[in-house]
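Data block below; observations after.
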Amino acid sequence: MVVSWKLKGNEIAMTEAEVASWQRNAGKRLLECVGVTAGKVVLDFGCGEGNYTKIVARIVTLTGMVYALDKNQEVLDKLIRSAREKGLDNVVRLDTSGNMPLPLRDVSVDVVLLYDVLHLIGWSGGESGETVRRGTTSDRRAVMKELFRISRPAGVVSIYCPHLVTHTDVESEQDIATELKDEGFDLRDDFYAELIHDGSLVRGHIVNFIKRARMNRRASC
């Protein structure tokens, strides 16, 4: 089976086997460095088709859980079907309109993944994909406040945030770090890793923040 996307007008294709290989190897290492381990409760915020959701589900085992949250019902339908076919019964679907609050209890999540989604918070585009409204600090902070509410003590928020310049009112990860700090999260560590972005493998910058209850030592990744 071939999984295909369009990237800047060119057709990029990865086989299902190639995606699965990345999930078993580089993707698994990435998430373990973030702090995903057996028994953890993880929120994959803006999960899409679940490239990360499925890895998390395997790592946390049935003693843990992964919430797959997205606005696209069809994408979630596909993800849940695929997860069940693979025996991943610890994937819990969360449909959202994008409005807050999040449908999760206070202090209930260990790790939040915000991968390639921060630029879409508050953003809206036209039929051809052009920006009609940029996401703002106010939009993002409403989400960050919710992440603080649902995160357990020493909970981790892990971000990968391309497209800030084109979609938001800020330009850099440092701006995002400042917003997260203001909402109760401190920088824990960062590293570069191989990840899937827009259908191809790229070397991306992962930055991890921790809820201000206490600080952990820097991960050796």
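Please go through the range 128-142 and pick out each residue that is touching a residue at least 40 places away in the same chain (Cβ under 8 Å) and either crowded, with 23+ Cβ neighbours inside 10 Å or hydroxyl-bearing (Ser, Thr, Tyr) (or both).
137, the sole residue that qualifies.
Under the condition of being touching a Ser or Thr at 6+ places or on another chain (Cβ under 7 Å) and basic (Lys, Arg), which residue from the range 110-142 is farthest from residue 37 (Cα to Cα)?
The selected residue is 133.
Go through 191, 209, 148 for me and flag whichever is within 17 Å of the chain's Cα centre (by Cα) and closer than 24 Å to residue 22 by Cα.
Exactly one of 191, 209, 148 is within 17 Å of the chain's Cα centre (by Cα) and closer than 24 Å to residue 22 by Cα, namely 191.
Look at residue 97 and say whether it is hydroxyl-bearing (Ser, Thr, Tyr) and farther than 24 Å from residue 191 by Cβ.
Here the answer is yes, as residue 97 does meet what is asked.
Name the single residue that is surrounded by the most Cβ atoms within 10 Å (Cβ to Cβ) among those in the range 1-55 being under 30 Å from residue 99 (Cα atoms), basic (Lys, Arg) and at pLDDT 90 or above.
54
Name the residue that is farthest from the chain's Cα centre (by Cα), counting only residues in the range 105-127 that are aliphatic (A, V, I, L, M) and surrounded by fewer than 19 Cβ atoms within 10 Å (Cβ to Cβ).
Here the answer is 107.
Could you list, in sequence order, the residues of the range 206-220 that are modelled with pLDDT of 55 or more, farther than 16 Å from residue 159 by Cα and hydrophobic (A, V, I, L, M, F, W, C)?
213
Name the pairs whose Cβ atoms lie under 7 Å apart, with the first residue in the range 199-211 and surrounded by 14 or more Cβ atoms within 10 Å (Cβ to Cβ), the second of a type in the set (Asp, Glu) and assigned to a strand (DSSP E or B), and 6 or more positions between them or separate chains?
Close Cβ pairs (under 7 Å, with a partner that is of a type in the set (Asp, Glu) and assigned to a strand (DSSP E or B)) amount to 201/194; 205/190; 206/190; 207/190; 208/189; 208/190; 209/186; 210/186.
Could you please find all residues in the range 119-170 being modelled with pLDDT of 95 or more and among the acidic types (Asp, Glu)?
If the condition is that a residue be modelled with pLDDT of 95 or more and among the acidic types (Asp, Glu), then 139, 146, 169 are the ones that fit.
Please go through the range 149-164 and give me each residue that is in contact with a helix residue (DSSP H, G or I) (Cβ under 9 Å, 6 or more places away or on another chain) and either over 25 Å from residue 202 (Cα atoms) or surrounded by fewer than 16 Cβ atoms within 10 Å (Cβ to Cβ) (or both), ordered by number.
Selection gives 155 alone.
I need a count of the residues in the range 72-85 that are in contact (Cβ under 8 Å) with a residue 24 or more places away in the chain and surrounded by fewer than 13 Cβ atoms within 10 Å (Cβ to Cβ).
Matching residues across the range 72-85 total 0.
Please determine whether any residue of the range 70-83 is in contact with a strand residue (DSSP E or B) (Cβ under 9 Å, 6 or more places away or on another chain) and closer than 23 Å to residue 211 by Cβ.
Scanning the range 70-83 turns up no residue that is in contact with a strand residue (DSSP E or B) (Cβ under 9 Å, 6 or more places away or on another chain) and closer than 23 Å to residue 211 by Cβ.
Check 98, 64 and return the single one that is more than 20 Å from residue 19 (Cα to Cα) and buried (at least 19 other Cβ atoms within 10 Å of the Cβ).
Exactly one of 98, 64 is more than 20 Å from residue 19 (Cα to Cα) and buried (at least 19 other Cβ atoms within 10 Å of the Cβ), namely 64.
The values are calculated or read from the model by the stated rules, or taken from the named source; none is laboratory data. Small disclaimer: the values here were computed from a predicted structure and weren't measured. As a convention, Cβ positions derive from the backbone with ideal geometry for all residues, glycine included, and neighbour counts pool all protein chains shown.
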